[in-house]
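First up is the structure itself, then whatever we jot down about it.
The values are calculated or read from the model by the stated rules, or taken from the named source; none is laboratory data. Since the structure is predicted, the reported quantities are computational estimates derived from the model, not experimental observations. With ideal geometry, Cβ positions are generated from the backbone for all residues, glycine too; neighbour counts draw on all protein chains shown.
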Amino acid sequence: MAVAPAQLARMIGAACAPVLALAAGALGLAAPASAESIVASLSAPRVEITSNFAGAEISVFGVVQRDAQTIARRGGYQVAITIAGPTEDVVLRRKDRVAGIWVSGEAQSFPDVPSFYSIQSTAPIDDIASPLVARELKLGLLYVGHGGQPRGGIAAREPYRNALVDLKREQGLYVEEAGSVQFLTDTFFRATASFPAAVPDGLYTVTVHLFADQAHLADESLDLVVAKSGFEQRMYVFAQDDSLLYGLFVVAVALLTGWLGGVLFRRD
Amino acid sequence: MEIYLPIAELPVSVFTVFAMGGAVGFISGLFGVGGGFLLTPLLIFSGIPHPVAVATVTPQIVASSASGALSYWRRRLIDVKLALFLFTAGAIGAAFGAWLFAILERAGQLNLVISLAYTVFLGSIGTLMLTEAVGAILKARRARKSGRKPQPARRSGQHNWIHRLPIKVRFRQSRLYISIIPVLVIGGSIGFLGTLLGIGGGFIMVPALIYLLRVPTNVVIGTSLLQILGTMAVATVLHSVNTKTVDVVLALILMVGGVIGAQFGASFGLKLRGEHLRALLGLLVLGVGVRFLVNLMLTPDHLYSMTILGGG
């Protein structure tokens with residue numbers, strides 16, 4: 001009976017899924033022990049911001065590895081890839097009309113939100129993972145921006161949080177794409193993430209989550225560095241660390257340019 | 001060709017920025033003004049963040065006033081003592097401006113204050129300039145019709161209340177013996193506004209010196225340029241230290257464009273009549289003010305604004 005082991009595996013998987021999910025929650029999201037693991041890699045470990053930087057694309061490749069005893073899962077594998085940038089503190093202000101003029105009114109602050117967040121998956125998250133697991137792993141923009149003290153209750157805060165997500169989405173800094181992770185074979189997958197030109201620099205974490213039949217099987221995390229390089233880097237560090245000297249330097253550049261202009265185009 | 005701005009942290013088109021610098025340089029050469037009041041709004045309307053736009057225009061004003069001041073220096077048409085007094089007050093005003101700028105930025109009200117100040121300030125100055133210039137044009141036309149020579153603008157040697165204030169100082173080059181109180185007030189308030197709004201303030205300084213202090217017209221522009229040069233240099237350093245939003249790459253492109261544009265503007269300006277020039281300038285100033293007002297009144301695309309306070 002060729003079907004029996006597969007059925008058995010699925011039954012075990014189904015039986016274990018809630019337990020695993022609970023265990024994952026209790027253990028602070030350590031990747032559950034399973035027969036599968038992921039090996040993943042990036043097309044480049046570093047995004048360099050140079051003077052002609054206009055955005056970048058990074059591909060994430062991965063292979064699902066099974067130990068010898070495990071057989072292929074009937075429903076196939078599902079993958080969700082998240083990329084999270086360094087966190088930042090953000091304030092959202094609602095504009096109100098006062099005497100015909102739009103002014104900044106009430107504010108809500110959101111500490112420690114990712115400056116960049118993208119989630120790509122083989123299918124919509126609802127189809128891949130149970131709501132419990134999705135919430136535990138914070139899969140999706142729905143779970144961004146819930147930290148900190150809300151002013152005036154959750155209901156009052158939600159429109160601000162939505163606006164945060166919308167504004168970041170418009171800038172290409174928040175991305176949610178179902179179906180953009182593709183399996184090229186049964187076990188080999190690939191996805192391409194785009195970074196807009198205004199991408200913040202810092203250390204990014206790429207996490208690949210593996211699922212099958214709604215069960216969370218394995219995780220793999222990779223580091224991605226987004227950094228200014230060369231001249232841009234030196235100028236930025238100069239302006240940040242020696243701001244007084246930088247200011248004097250800018251004045252010197254201005255005086256020199258003005259003087260050169262005055263000499264080159266001498267009219268008198 | 002796009003170039004990435006290291007401080008603003010976004011790419012801009014070199015040619016667009018260069019053209020903006022050139023166009024404003026042309027206008028500044030044409031009217032003999034710094035052009036900051038046009039350049040800052042242009043940068044803001046083209047998507048550069050308010051703090052970067054204001055802070056980066058200050059070194060551009062340094063460059064454009066340096067090349068202007070140089071030419072007046074060669075002709076000895078600068079009252080250095082008066083410029084120093086104006087500058088001292090201007091530096092203190094600039095410090096206040098930079099301080100308020102940083103506070104407003106943290107409070108998320110900077111954009112609003114800049115827009116409101118531009119509306120009120122440019123709106124009123126533009127209206128004044130336009131009325132004065134149109135009046136002068138009409139007067140000249142009437143005079144020509146009646147066959148008489150147009151009367152020269154009233155420049156009486158009579159003293160007004162400003163000249164009765166105490167603590168008088170002698171300014172030899174300007175042949176003036178006046179109280180330093182109005183000098184310090186003018187220098188200080190222009191330093192303050194200039195730093196807060198990213199304008200040099202030449203278009204206010206020049207009329208203020210002529211009409212309020214009775215500084216002779218031949219030294220007024222050079223003196224104003226030297227004071228603006230000093231105040232804006234201080235403002236550049238203050239912005240660099242306080243908000244760290246001065247972008248040297250953006251500033252350099254603007255400077256080069258501005259210096260070149262100013263040459264063409266200056267030679268073109270010689271072909272136009274004085275009151276026509278003033279009317280055009282008034283119209284331009286008023287137009288920018290109205291543009292800000294419209295922006296404030298139109299329903300914004302987004303009802304929420306986002307401010308990033310820094311790393312979490």
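Can you tell me which residue in the stretch B:67-84 is surrounded by the most Cβ atoms within 10 Å (Cβ to Cβ), limited to those that are basic (Lys, Arg) and assigned to a helix (DSSP H, G or I)? Show your work before the answer.
Kept after step one, since they are basic (Lys, Arg), are these residues of the stretch B:67-84: B:74-76, B:81.
If we keep only those that are assigned to a helix (DSSP H, G or I) too, we end up with B:74, B:81.
Numbers: B:ARG74: 13, B:LYS81: 15.
Per the stated criteria, the residue is B:LYS81.
One residue stands out among those in the stretch B:219-258 that are within 11 Å of chain A (Cβ to nearest Cβ) and polar (S, T, N, Q): the one that is nearest to B:ARG76 (Cα to Cα), which is B:THR236. Restricting the stretch B:1-42 to residues that are without any contact (Cβ under 8 Å) to a residue 24 or more places away in the chain and assigned to a helix (DSSP H, G or I) leaves a set whose member that is surrounded by the fewest Cβ atoms within 10 Å (Cβ to Cβ) is B:PHE15. On inspection, A:LEU217 does not qualify as surrounded by fewer than 20 Cβ atoms within 10 Å (Cβ to Cβ), in contact (Cβ under 8 Å) with a residue 12 or more places away in the chain and in the same structural domain as A:GLY76 (by TED's automatic domain parsing).
Checking the stated criteria, A:VAL237 turns out not to satisfy the condition of being surrounded by 15 or more Cβ atoms within 10 Å (Cβ to Cβ), free of Cβ contacts under 8 Å to residues at least 60 places away in the same chain and more than 30 Å from B:GLY68 (Cβ to Cβ).
Per-residue answers, yes or no, for (1) modelled with pLDDT of 85 or more; (2) within 29 Å of A:PRO159 (Cβ to Cβ); (3) touching a helix residue (DSSP H, G or I) at 6+ places or on another chain (Cβ under 8 Å):
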| residue | (1), (2), (3) |
| --- | --- |
| B:VAL234 | yes, no, yes |
| B:ARG291 | yes, no, yes |
| B:ASN295 | no, yes, yes |
| B:SER305 | no, yes, yes |
| B:ILE308 | no, yes, no |
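Within the stretch A:84-121, take every residue that is closer than 28 Å to A:ALA212 by Cα and assigned to a strand (DSSP E or B) and give me the one that is nearest to the other protein chains (Cβ to nearest Cβ). Ranking the qualifying residues of the stretch A:84-121, first place goes to A:PRO114. Restricting the first member to the stretch B:81-108 and to residues that are over 20 Å from B:VAL169 (Cα atoms) and free of Cβ contacts under 8 Å to residues at least 40 places away in the same chain, and the second to residues that are of a type outside the set (Val, Ile, Thr) and in a helix (DSSP H, G or I), the beta-carbon pairs closer than 8 Å and six or more apart or on different chains are B:LEU104/B:LEU110. Of the numbered criteria (1) hydrophobic (A, V, I, L, M, F, W, C); (2) surrounded by fewer than 23 Cβ atoms within 10 Å (Cβ to Cβ); (3) not in a helix (DSSP H, G or I), the one B:ILE210 fails is (3). Filter the stretch A:187-219 down to the residues that are of a type in the set (Gly, Ala, Ser) and either under 10 Å from A:ILE83 (Cβ atoms) or assigned to a loop (DSSP other than H, G, I, E, B) (or both) and list them by number. Within the stretch A:187-219, A:ALA191, A:ALA193, A:ALA197, A:ALA198 meet the criteria. Identification of helices (runs of 4 or more DSSP H) wholly contained in the stretch A:122-179 with 2 or more residues that are of a type in the set (Lys, Arg) yields A:153-170. One residue stands out among those in the stretch A:139-156 that are within 12 Å of another protein chain (Cβ to nearest Cβ) and surrounded by 15 or more Cβ atoms within 10 Å (Cβ to Cβ): the one that is farthest from A:PRO114 (Cα to Cα), which is A:GLY148.
Going residue by residue through the stretch B:56-79, is there one that turns out to be farther than 20 Å from B:GLY34 by Cα and among the aliphatic types (A, V, I, L, M)? Checked the stretch B:56-79: no residue is farther than 20 Å from B:GLY34 by Cα and among the aliphatic types (A, V, I, L, M). Could you tell me whether B:LEU270 is in contact with a strand residue (DSSP E or B) (Cβ under 6 Å, 6 or more places away or on another chain) and free of Cβ contacts under 8 Å to residues at least 60 places away in the same chain? Criteria not met by B:LEU270. For A:ARG161, the conditions (1) crowded, with 20+ Cβ neighbours inside 10 Å; (2) outside the structural domain of A:GLN108 (by TED's automatic domain parsing) are fulfilled apart from (2). Selection of the stretch A:39-81 for residues being of a type outside the set (A, V, I, L, M, F, W, C), farther than 28 Å from A:GLY140 by Cβ and away from chain B (no Cβ under 14 Å) yields A:ASP67, A:GLN69, A:THR70.
Would you check if there is a residue in the stretch B:102-110 being within 22 Å of B:VAL185 (Cα to Cα) and either in a loop (DSSP other than H, G, I, E, B) or at pLDDT below 90 (or both)?
As a first pass, look at the stretch B:102-110 and keep what is within 22 Å of B:VAL185 (Cα to Cα): none.
Checked against the condition, which is being within 22 Å of B:VAL185 (Cα to Cα) and either in a loop (DSSP other than H, G, I, E, B) or at pLDDT below 90 (or both), the stretch B:102-110 yields no hits at all.
For the stretch A:89-112, taking the residues that are β-branched (Val, Ile, Thr) and within 22 Å of the chain's Cα centre (by Cα), the one that is nearest to B:VAL290 (Cα to Cα) is identified as A:VAL91.
Report yes if some residue within the stretch B:161-169 is over 23 Å from B:SER189 (Cβ atoms) and at pLDDT below 85; otherwise report no.
If we filter the stretch B:161-169 for residues that are over 23 Å from B:SER189 (Cβ atoms), which is where we start, we get none.
No, every residue in the stretch B:161-169 fails to be over 23 Å from B:SER189 (Cβ atoms) and at pLDDT below 85.
Of everything in the stretch B:259-286 that is among the basic types (Lys, Arg) and not in a helix (DSSP H, G or I), the residue that is farthest from the other protein chains (Cβ to nearest Cβ) is B:ARG273.
Check A:LEU256, A:LEU245 and return the single one that is out of contact with any strand residue (DSSP E or B) (no Cβ under 8 Å at 6 or more places or on another chain), modelled with pLDDT of 90 or more and either assigned to a loop (DSSP other than H, G, I, E, B) or under 30 Å from B:ARG75 (Cβ atoms) (or both).
A:LEU256
For the stretch A:202-222, the candidate set comprises residues that are more than 18 Å from A:SER43 (Cα to Cα) and of a type in the set (D, E, K, R); within that set, the residue that is modelled with the lowest pLDDT is A:ASP213.
Yes/no matrix, rows are residues, columns are (1) touching a Lys or Arg at 6+ places or on another chain (Cβ under 7 Å); (2) buried (at least 22 other Cβ atoms within 10 Å of the Cβ); (3) facing chain B (nearest Cβ under 9 Å):
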{"residue": "A:VAL175", "(1), (2), (3)": "no, no, no"}
{"residue": "A:GLY179", "(1), (2), (3)": "no, no, no"}
{"residue": "A:ALA198", "(1), (2), (3)": "no, no, yes"}
{"residue": "A:ASP201", "(1), (2), (3)": "yes, no, yes"}
{"residue": "A:ALA212", "(1), (2), (3)": "yes, yes, no"}
{"residue": "A:ASP223", "(1), (2), (3)": "no, no, no"}
{"residue": "A:PHE231", "(1), (2), (3)": "no, no, yes"}
{"residue": "A:VAL263", "(1), (2), (3)": "no, no, yes"}
